[in-house]
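Below you'll find the structure, written out as structure tokens, and then a few comments.
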Amino acid sequence: MNTAPSFTLSAEHQRLQVLVGAWRGVEEISATQWADDGMAEAEVIAEAQFGGLFVVQRYRQKREGTVSFAAHSVFGFDQANGFWTMHQFDSMGFVPASPATGSWNGNELTLERSSPRGAARVTYGFDDADTYRMKLQFKPAGSDAWQDMVSGLYRRVSPSTINGF
């Protein structure tokens, strides 16, 4: 049975396809209330779903060979409001009241989300088809200053090199 939709993706949905693939990266973790500073390795698998309307991303961060953080994200485009979205659920267990929303500026996708704890901002910068950078920042409630949390460089790999997802 063919379950693929018979439509053409919008240009906005097509932009999300840059996330699709298997990726491995090295991350620099800043000291925060949730983690100590240091280095980590990350593995990411992102797949197009529903004919490319959404991209589902599974992320796993390892420190000293042990999974220290994991997340499941769903990226989409809100046509009615004209912005990109990311719903994220992670191993910290906070349930987001709403998705992160944002826009593209050249080859960078920036998404922001607020909660009672503060605001989070993540930027994905695509150097080329096989390399991207990610930077996650946090601004505590009542503060005007963004704090770096994680920054990483990710390279496309063969899906067979990522085990255990």
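Taken together, Phe138, Phe126, Phe83, Phe94 contain a single residue that is in contact (Cβ under 8 Å) with a residue 60 or more places away in the chain and farther than 19 Å from Ala42 by Cα, which is Phe138. When the test is whether a residue is at pLDDT 95 or above and surrounded by 14 or more Cβ atoms within 10 Å (Cβ to Cβ), Ser114 does not pass it. Could you list, in sequence order, all residues of the stretch 120-154 that are farther than 16 Å from Asp90 by Cβ and of a type in the set (Gly, Ala, Ser)? Passing the criteria: Gly125, Ala129, Ala141, Gly142, Ser143, Ala145, Ser151. Among what's in the stretch 1-60 and is surrounded by fewer than 18 Cβ atoms within 10 Å (Cβ to Cβ) and among the acidic types (Asp, Glu), pick the residue that is nearest to Met92 (Cα to Cα). Step by step, filter the stretch 1-60, then rank; the result is Asp36.
The values are calculated or read from the model by the stated rules, or taken from the named source; none is laboratory data. Just so you know, these numbers come straight off a predicted model, no measurement behind them. Note that each Cβ is placed from the backbone with ideal geometry, even for glycine, and that neighbours are counted across all protein chains shown.
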